[in-house]
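Visitor: The structure's right below; bear with me while I get my questions together.
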Amino acid sequence: MQRLMDALAGFPAYAIAPDWTITGWNAAYAELYPNVATVEPADRNLLWLVFTDPYVRRLLPDWEVTSRRFLAEFRAEAVGDLTGTPVIQRLLAVSRPFRDGWSSHDIEGFASRERVFLHPERGRLRFEHHRLAPAGQTHLHVVIYTPVEDA
């Protein structure tokens, strides 16, 4: 999967496990979100980062909507009662927005869509957000951002 993501030069891409741990990424994703390479491996979880990393909050101009949508998508994919899992317990302890979202029980399936980022150096960036499920790696999803040109 790493070779596939690296071949997507210029297109930010990352791989996530079923618990949304980020397991790999390419250079374009590290440019979009530089902390991915330096965050502690135990914290390299998409939900954790969306709800606790100030950089991610600034990167997402629609953070309130996006964070709730990520949580609803996570719930749609989750199997069983997740309340006892370590990342959920940690988020419940440290993030009021997460607690509020968790108690709402919203569920929403993933859909490709446009995403906007406010990058501190490159300014406003628009991408289409897609997710692939590799046939040979069914425990992973690869998320790819393809640029959208301003009209």
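Visitor: Is at least one residue of the range 10-18 in contact with a Lys or Arg (Cβ under 8 Å, 6 or more places away or on another chain), crowded, with 17+ Cβ neighbours inside 10 Å and of a type outside the set (Val, Ile, Thr)?
Guide: Step one: list which residues in the range 10-18 are in contact with a Lys or Arg (Cβ under 8 Å, 6 or more places away or on another chain), which gives none.
Looking through the range 10-18, none of the residues is in contact with a Lys or Arg (Cβ under 8 Å, 6 or more places away or on another chain), crowded, with 17+ Cβ neighbours inside 10 Å and of a type outside the set (Val, Ile, Thr).
Visitor: Considering each of ARG68, ARG90, ARG126, ARG115 in turn, give the residue that is surrounded by 13 or more Cβ atoms within 10 Å (Cβ to Cβ), more than 21 Å from ILE16 (Cα to Cα), free of Cβ contacts under 8 Å to residues at least 60 places away in the same chain and among the charged types (D, E, K, R).
Guide: Details: ARG68 fails: more than 21 Å from ILE16 (Cα to Cα); ARG90 fails: more than 21 Å from ILE16 (Cα to Cα); ARG115 fails: more than 21 Å from ILE16 (Cα to Cα).
Checking each option against the conditions leaves just ARG126.
Visitor: Just to be sure I understand the filter: pairs with C-beta atoms under 7 Å, separated by 6 or more residues or on different chains, first member in the range 129-151 and under 12 Å from MET5 (Cβ atoms), second member of a type in the set (Ser, Thr, Tyr) and open to solvent by 30 Å² or more (accessible area, probe 1.4 Å). Which pairs pass?
Guide: As it stands, the answer is LEU140/THR23, since those pairs meet every condition given.
The values are calculated or read from the model by the stated rules, or taken from the named source; none is laboratory data. These numbers were taken from a predicted model, which means no experiment stands behind them. For neighbour counting, all protein chains shown are included, and Cβ atoms are generated from backbone atoms with ideal geometry for every residue, glycine included. The protein model used for the area step is the full one, side chains on, heavy atoms only, and it has no ligands, DNA or RNA in it. Shrake-Rupley method; radii C 1.70, N 1.55, O 1.52, S 1.80 Å.
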